[in-house]
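These notes are about the structure you will find just below.
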């Protein structure tokens, strides 16, 4: 598979990712991924996929079932010269169902290579914020 676009920033890849989801286009979506057998995608169901072919087929299956719209909210970003990690929260809107699904906690990992930035890992899981109060109560002092 060729990667026709050179993405200057991880944010450019992320924007194109959500646009491809909105279009329901698995082939367009896969152009954003690094062409590497070590690419990884973990869906909210817990299914772990490694490699371009299984990831592409899973997205084709998702898009065949219903149209998706994703409302993504960036939480934190970390970046160095060749690697970037983005943490986001997603709310999903599926097909004609007016109710939102989620939220999901999402981590995207991007790597910069010869063709600019590409997605190398996506991990999405159902948000369970019931333990957040407990985590907030724990002192964060480093010794």
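Take the conditions outside any helix (DSSP H, G or I) and at pLDDT 95 or above and apply them to residue 29. Does it pass? Considered against the rule, which asks whether it is outside any helix (DSSP H, G or I) and at pLDDT 95 or above, residue 29 comes out as no. Which pairs turn up if I take residues in the range 89-102 that are in contact (Cβ under 8 Å) with a residue 24 or more places away in the chain and on the phi > 0 side of the Ramachandran plot and look for partners that are surrounded by 16 or more Cβ atoms within 10 Å (Cβ to Cβ) and in a loop (DSSP other than H, G, I, E, B) with beta carbon separation below 9 Å, at least 6 apart in sequence or on another chain? Listed by first residue and then by second, the contacts come to 102/44; 102/127.
Check whether at least one residue in the range 68-80 is surrounded by 17 or more Cβ atoms within 10 Å (Cβ to Cβ), at pLDDT 95 or above and either within 17 Å of residue 116 (Cα to Cα) or more than 14 Å from the chain's Cα centre (by Cα) (or both), and report yes or no. Checking the range 68-80: not a single residue is surrounded by 17 or more Cβ atoms within 10 Å (Cβ to Cβ), at pLDDT 95 or above and either within 17 Å of residue 116 (Cα to Cα) or more than 14 Å from the chain's Cα centre (by Cα) (or both). When each of 124, 114, 26 is tested for being out of contact with any strand residue (DSSP E or B) (no Cβ under 8 Å at 6 or more places or on another chain) and surrounded by 18 or more Cβ atoms within 10 Å (Cβ to Cβ), the lone residue that passes is 26.
The values are calculated or read from the model by the stated rules, or taken from the named source; none is laboratory data. Bear in mind that the values here come from a model prediction, so they are computed numbers and not experimental data. Don't worry about glycine lacking a Cβ; one is built from the backbone with ideal geometry, like all the others, and counts go over all protein chains shown.
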